[in-house]
Amino acid sequence: RRGRGAASAVARASFGESQASAIVTNGAGDLEVSDCVFHATYRSAFWVAERTNEGTVSAVRNAALGTLRHPSEDNGYVRQFGAFFLEKRMAALWGNVAAGSTDTGFVLRPEVRGGACAAGAADDGAPLALAQMNEAVGCMTGVFVLRAKAPGAPAACARVRGFKVWKAAHTALITVDQDASLRVSEVAVADSHIGVSLNFHVADTGRSDHRAVLHNVTILGSTAASVCGKSEDCRAYGDFSLDGSTPLAAQGATCNSVVGLGMRRVGVLLHVVNRLAKLCEGNPRLARCRPPTLPVKECLMPWEHRFGTLGAKYSEAHWSAVTFGHFSRSDCGRPSAAVMHNPTAVDAGYPNLFSDVVWLPSAEADARLRLERFGGGPAAAMNCGSLECDTVQHAVVADTDGSLTGAGAGGAAVVSQDAPSQAVAGCSFAAGAFTCPGLRLRRLHWEFPGILTVETGRALGRFKAQRASDGRATFSRGPHNSDCIPDPPEQRRAWAVVPNTDYALTMFASPPKNHRVFFFADDPGESVLVELFLTQPFRLDVFLNGAKLGEAFDATDASFFAQGGAPRLPTRADAHGTYAFDPQARRFYLTVRGGAGQTRGRNALTLRMLQVVQLSLTLSIPVEQFDGANLIANLATLLSIDPSRIKVVSVQGVAGAGGRRLAAAGDAGAGGRGLAEASNSTSLIVHVSEAFDDGETAALSNATEVAATNGTNATDANATAADDDGFTEESAEDLAALSLKMSSANLSDALNTTVAESSVTATSLSSFLPPPSPPPSPPPSP
């Protein structure tokens with residue numbers, strides 16, 4: 001029936017050796033299947049297909065025993081089936097058992113509720129009774145969670161609750177191509193090759209509101225149900241494009257997981273966010289496909305393998321009330337680990353925050369956290385064992401209450417042995433990781449709108465961040481391309497940084513014109529002072545939420561700086577977006593500060609670099625008599641340009657030891673720039689910039705705030721607000737003409753003051769432009 005009259009019911013029925021599923025509903029509704037037994041079913045025992053009404057079918061207290069691959073099934077491709085294959089959200093799903101499925105126990109569409117996924121015990125309601133739990137045992141995959149297909153994804157919250165899974169040959173609970181945030185609660189897994197693996201698809205790379213929440217979860221390795229000599233090797237679908245591997249890989253007859261035979265048990269693979277969808281229902285080019293989990297290409301398997309480059313800009317996973325047990329460094333001669341990175345997640349390590357963790361005595365200390373580089377199994381074609389991997393170098397694994405590491409109530413950060421520069425004094429090393437009591441790490445993200453991917457010809461390479469407190473340096477190389485279907489990564493770099501610390505950043509490639517900076521911290525008491533080294537003179541402007549931060553945020557401007565003490569360098573105590581440029585040292589300083597909503601993408605700072613002609617002058621007047629406004633007006637008249645393109649970036653008295661100098665906060669005397677007792681000449685540095693349009697850059701800046709506020713992406717590759725041509729030859733030619741005019745002019749007459757010395761330096765454009773396009777290929781011969 002489809003919404004007509006009383007509900008249909010199938011109850012207390014037995015089905016045996018069904019050839020093409022036992023019960024299939026496709027287009028029906030108001031159906032309850034209860035207390036049934038399905039035995040030796042070929043393909044799915046109970047299939048709720050795509051045209052069934054949402055939320056109208058119930059499955060209660062059913063048992064599917066022995067769900068088998070049909071002998072006539074094509075072995076040339078992966079076509080998933082499951083004891084319970086539930087493509088539509090169910091009205092009720094509890095008390096069911098899937099035992100002995102050759103493929104999956106439960107394939108299900110998750111419940112979706114309004115609002116974001118809340119961490120902790122929120123929204124779970126009354127605890128489930130044991131009889132209300134669904135159970136999967138002896139399956140290749142226990143629970144496979146389909147994409148939610150929810151309005152508002154990825155911020156919308158999909159929920160999975162009430163499952164026991166044990167003896168899964170591949171993964172106990174996995175989601176693939178999940179398009180929403182996900183909450184998993186009241187779940188217990190044991191004796192499975194991989195316990196939990198969460199794999200998300202967020203094509204919108206501007207999103208920062210994606211979350212994974214796991215609460216009241218028990219994860220056990222090898223209990224008494226596992227013995228050596230039995231079920232030691234996993235079974236998983238693999239890359240069935242490889243020569244000679246198709247039948248075995250497409251049947252999941254061998255161990256094709258990303259960790260392979262190198263691990264016996266892994267409790268948790270930390271979550272991955274991909275930019276490409278690997279299943280047909282998530283691919284807009286495939287309008288229809290059966291089943292919806294059909295892989296779009298052979299080479300993307302197994303299920304938990306990374307596909308495409310990095311998706312969401314930022315994501316968090318919150319783990320609370322988690323119990324781990326029965327993990328050993330030597331489990332039937334192979335290592336096991338409770339928590340580890342997915343070895344194919346080579347792009348970024350999103351923050352994972354743990355609280356209220358219980359370690360059973362059976363979880364050995366050296367088998368708890370494995371965060372070091374690991375190449376995985378043969379299925380892990382691109383992996384952190386062979387590649388430079390930001391996932392390992394900049395992982396944020398936070399023990400918020402000390403329960404994960406035993407560090408005490410102040411909590412700790414866990415740092416991989418392969419990222420020792422992230423550790424600080426006071427860290428202790430054991431079992432492949434540093435435990436750092438009291439250390440907090442936050443994600444500092446730097447991206448380059450307008451130079452969206454490496455296909456632009458601008459390979460930006462590694463980006464160095466050096467911590468001023470101890471001189472330790474880390475590098476971010478950014479996300480990688482895809483290894484299966486080409487997916488050029490966006491030009492973005494990110495570091496795990498210690499808040500309330502200074503960092504010196506160095507790019508080894510020439511910088512792009514526009515930069516966007518995110519500091520993912522919600523606490524306004526956390527800040528970082530960034531010092532960016534520039535090899536050439538530039539003018540830098542800062543924008544926040546569509547507005548240009550002018551002289552009120554320029555710490556070198558004694559007349560208009562709103563926070564006092566100018567001229568000086570910014571400090572971590574200053575407001576978010578405070579900046580300064582030191583032309584002598586060629587360093588740009590920027591204060592980034594936490595604030596409400598910043599872990600969801602708010603308050604990004606956009607930096608605009610402008611090419612300049614740098615005019616260095618020595619005037620034969622005392623510094624006390626220097627009139628900056630008059631000089632700018634006269635120079636603008638000489639060059640026939642708008643005075644806004646001219647900025648005096650340095651004023652110093654030549655005579656006397658004091659002069660005027662740019663002072664860092666805390667310098668003796670705290671006077672910032674001090675006047676010499678007597679100066680009979682003045683040294684200036686003046687920047688004449690290329691023409692600019694504040695409106696374009698403001699739109700570029702405002703795009704991030706629109707995305708954070710409305711949950712939309714205004715910063716992806718197709719967003720017109722993010723388009724930017726970068727540095728242009730036309731601007732360089734204009735500046736060259738201005739440089740020639742200043743070099744040949746009588747500056748004393750033009751500026752109405754005596755110029756004793758002058759020199760002109762221009763930004764060199766040749767290193768910033770992308771390489772020229774190759775000539776077109778000749779037409780083929782007739």
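The values are calculated or read from the model by the stated rules, or taken from the named source; none is laboratory data. Being a predicted model, the structure only gives us computed values, none of them experimental. Virtual Cβ from ideal backbone geometry, glycine too; neighbours counted across all protein chains shown. To get the accessible areas, we keep the full protein, side chains included, count just its heavy atoms, and leave off ligands, DNA and RNA. Shrake-Rupley method; radii C 1.70, N 1.55, O 1.52, S 1.80 Å.
Taking the criterion of being part of a loop (DSSP other than H, G, I, E, B) and in contact (Cβ under 8 Å) with a residue 60 or more places away in the chain, the residues of the range 106-126 that qualify are PRO110, ALA116, CYS117, ALA118, ALA119, GLY120, ALA121, ASP123, ASP124.
Residues are listed down the side, and each one gets a yes or a no for (1) at pLDDT below 70; (2) within 13 Å of VAL686 (Cβ to Cβ):
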site	(1), (2)
GLU729	no, no
ASN746	no, no
ASP749	no, no
SER759	no, yes
PHE768	yes, no
PRO771	yes, no
PRO778	yes, no
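Of the strands (runs of 3 or more DSSP E) lying entirely inside the range 364-475, those carrying at least 2 residues that are basic (Lys, Arg) and at pLDDT 85 or above are 442-447, 463-467.
When the range 120-146 is filtered for residues that are crowded, with 20+ Cβ neighbours inside 10 Å and in contact with a His (Cβ under 7 Å, 6 or more places away or on another chain), the ones remaining, listed by number, are MET140, THR141.
When ARG600 is tested against (1) in contact with a strand residue (DSSP E or B) (Cβ under 6 Å, 6 or more places away or on another chain); (2) in contact (Cβ under 8 Å) with a residue 40 or more places away in the chain, exactly one condition is not met: (1).
Matching residues to (1) out of contact with any strand residue (DSSP E or B) (no Cβ under 6 Å at 6 or more places or on another chain); (2) crowded, with 24+ Cβ neighbours inside 10 Å; (3) over 30 Å from GLY597 (Cβ atoms):
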{"residue": "VAL268", "(1), (2), (3)": "no, yes, no"}
{"residue": "TYR314", "(1), (2), (3)": "no, no, no"}
{"residue": "HIS318", "(1), (2), (3)": "no, no, no"}
{"residue": "PHE324", "(1), (2), (3)": "no, yes, yes"}
{"residue": "GLY333", "(1), (2), (3)": "yes, no, yes"}
{"residue": "ALA337", "(1), (2), (3)": "no, yes, yes"}
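So which residues in the range 106-127 are under 25 Å from THR171 (Cβ atoms), over 26 Å from the mean Cα position of the chain (by Cα) and charged (D, E, K, R)? Passing the criteria: only ASP124. The number of residues in the range 127-142 that are more than 23 Å from TYR237 (Cβ to Cβ), of a type in the set (A, V, I, L, M, F, W, C) and in a loop (DSSP other than H, G, I, E, B) comes to 3.
Would the range 31-39 turn up any residue that is open to solvent by 20 Å² or more (accessible area, probe 1.4 Å), in a loop (DSSP other than H, G, I, E, B), without any contact (Cβ under 8 Å) to a residue 40 or more places away in the chain and within 21 Å of VAL160 (Cβ to Cβ)? No - not one qualifying residue is present in the range 31-39. For the range 376-400, which positions are farther than 19 Å from LYS464 by Cβ, of a type in the set (Gly, Ala, Ser) and in contact (Cβ under 8 Å) with a residue 12 or more places away in the chain? Passing the criteria: GLY376, GLY377, ALA379, ALA380, ALA381, GLY385, ALA398. Mind checking which residues of the range 6-25 are closer than 16 Å to GLY82 by Cβ and touching a Lys or Arg at 6+ places or on another chain (Cβ under 8 Å)? ALA20, SER21, listed by residue number. Within the range 522-529, one or more residues are aliphatic (A, V, I, L, M), buried (at least 22 other Cβ atoms within 10 Å of the Cβ), outside any loop (DSSP other than H, G, I, E, B) and over 18 Å from the mean Cα position of the chain (by Cα). A count restricted to the range 351-398 and to residues that are within 27 Å of ALA190 (Cβ to Cβ) and among the basic types (Lys, Arg) stands at 2.
Restricting the range 66-92 to residues that are over 30 Å from ASP30 (Cβ atoms) and of a type in the set (Ser, Thr, Tyr) leaves a set whose member that is least open to solvent (accessible area, probe 1.4 Å) is TYR77. Has the range 273-281 got any residue that is in a helix (DSSP H, G or I), without any contact (Cβ under 8 Å) to a residue 40 or more places away in the chain, open to solvent by less than 30 Å² (accessible area, probe 1.4 Å) and not hydroxyl-bearing (Ser, Thr, Tyr)? Checked the range 273-281: at least one residue is in a helix (DSSP H, G or I), without any contact (Cβ under 8 Å) to a residue 40 or more places away in the chain, open to solvent by less than 30 Å² (accessible area, probe 1.4 Å) and not hydroxyl-bearing (Ser, Thr, Tyr). Going residue by residue through the range 535-549, is there one that turns out to be farther than 20 Å from SER510 by Cβ, part of a loop (DSSP other than H, G, I, E, B) and open to solvent by 40 Å² or more (accessible area, probe 1.4 Å)? Yes, the conditions are met somewhere in the range 535-549. Cβ-Cβ distances below 7 Å connect the following pairs, each with a first residue in the range 510-525 that is among the polar types (S, T, N, Q), a second residue that is part of a loop (DSSP other than H, G, I, E, B) and open to solvent by 10 Å² or more (accessible area, probe 1.4 Å), and a separation of six or more residues or different chains: SER510/SER767; ASN514/GLY450; ASN514/ASP724.
For PHE324, are the conditions met, namely being of a type in the set (Phe, Trp, Tyr) and within 30 Å of ASP522 (Cβ to Cβ)? Against the criterion (of a type in the set (Phe, Trp, Tyr) and within 30 Å of ASP522 (Cβ to Cβ)), PHE324 qualifies. Restricting the range 477-515 to residues that are over 21 Å from the mean Cα position of the chain (by Cα) and modelled with pLDDT under 95, which is farthest from ALA423 (Cα to Cα)? The qualifying residue farthest from ALA423 (Cα to Cα) is LYS513.
Here ASP390 fulfils each of the conditions (1) closer than 15 Å to ALA496 by Cα; (2) open to solvent by 40 Å² or more (accessible area, probe 1.4 Å); (3) among the acidic types (Asp, Glu) apart from (2).
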